[in-house]
Amino acid sequence: MTKTITGPDASKRNLELCQMAPVIPVLVVNDINASAGLGAALVRGGLPVLEVTLRTSCALDAIAEMAKIKGGIVGAGTLITAKDVENAVAAGATFGVSPGATAALIDACEANGLPLLAGATSASEAMALMERGYTVQKFFPAQAAGGASFLKSLASPLPQITFCPTGGVSLANAAEYLASPNVKCVGGSWVAPSDAVKAHDWDAIETLARDAVTALG
Ligand code: 3PG
């Protein structure tokens with residue numbers, strides 16, 4: 001039988017994930033043959049927590065492949081519907097990420113035992129998630145929604161909430177986010193550029209991961 005979880009359970013797990021590395025790579029996998037090499041390179045470079053977005057036809061297969069990587073922790077991103085949650089869990093995802101949050105999505109994650117890193121963009125959205133026990137949240141789309149200064153402004157009125165800003169985050173601005181007391185890690189695709197993935201240039205991706213850990217860890 002599936003073990004259900006609550007918002008506080010999910011928040012506890014999300015905090016653990018955020019403390020494992022300063023960056024959660026956000027991956028859009030177009031080629032299933034690239035998934036194992038890509039995931040392994042990021043893990044070798046020091047970024048073990050991987051988000052595979054459900055935006056491509058091979059995303060679920062990529063999750064299944066990456067779930068086999070020793071030392072890696074694979075989650076499903078871009079969760080929108082309850083069906084996405086079921087598919088992600090069946091593929092082997094052990095956490096979920098969503099751009100926003102609905103009651104139906106949260107219910108599905110809780111019923112399927114999947115810790116959800118749910119997205120919020122405003123104080124009201126963050127407070128609504130907190131009412132359900134979700135005190136570790138994604139801030140999305142981070143740069144477009146106000147960037148590090150916006151997020152820092154939430155730290156004083158909402159000190160209970162920790163964020164993982166994602167969307168427009170890069171090595172150039174990640175440190176600014178991480179300097180805010182309510183940020184424990186960031187999410188971003190910059191550590192897995194599409195040209196390097198296409199070329200199966202795993203050394204380049206490992207180096208990008210390692211550089212991120214060195215600069216931000
Ligand atoms: C996304 O929307 O794909 C994620 O938030 C990652 O955004 P990024 O490509 O700007 O890092």
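Here is how the numbers come out for the structure above:
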item: Residue within segment 163-178 that is away from the ligand (no atom under 16 Å from the Cβ) and of a type in the set (Val, Ile, Thr) present; result: no
item: Those residues of segment 188-206 which are away from the ligand (no atom under 12 Å from the Cβ), open to solvent by less than 70 Å² (accessible area, probe 1.4 Å) and in contact (Cβ under 8 Å) with a residue 60 or more places away in the chain, in sequence order; result: 197, 202, 205, 206
item: Qualifying residues in segment 90-108 (those that are crowded, with 20+ Cβ neighbours inside 10 Å and over 15 Å from the mean Cα position of the chain (by Cα)) - the one farthest from residue 187 (Cα to Cα); result: 108
item: Qualifying positions in segment 173-187 - open to solvent by 30 Å² or more (accessible area, probe 1.4 Å) and not in a loop (DSSP other than H, G, I, E, B); result: 175, 176, 178
item: Residue check, residue 129 part of a loop (DSSP other than H, G, I, E, B), more than 15 Å from the ligand (Cβ to nearest atom) and not small (Gly, Ala, Ser); result: no
item: Test: residue 151 is touching a helix residue (DSSP H, G or I) at 6+ places or on another chain (Cβ under 6 Å) and either away from the ligand (no atom under 16 Å from the Cβ) or modelled with pLDDT of 95 or more (or both); result: no
item: Qualifying residue in segment 140-151 (condition: in contact (Cβ under 8 Å) with a residue 60 or more places away in the chain, touching a strand residue (DSSP E or B) at 6+ places or on another chain (Cβ under 8 Å), closer than 23 Å to residue 208 by Cβ and not small (Gly, Ala, Ser)); result: no
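The values are calculated or read from the model by the stated rules, or taken from the named source; none is laboratory data. The model shown is predicted, which means the values in this text are computed figures rather than measured ones. Don't worry about glycine lacking a Cβ; one is built from the backbone with ideal geometry, like all the others, and counts go over all protein chains shown. The accessibility values were calculated without ligands, DNA or RNA, using every heavy atom of the protein model including side chains. Shrake-Rupley method; radii C 1.70, N 1.55, O 1.52, S 1.80 Å.
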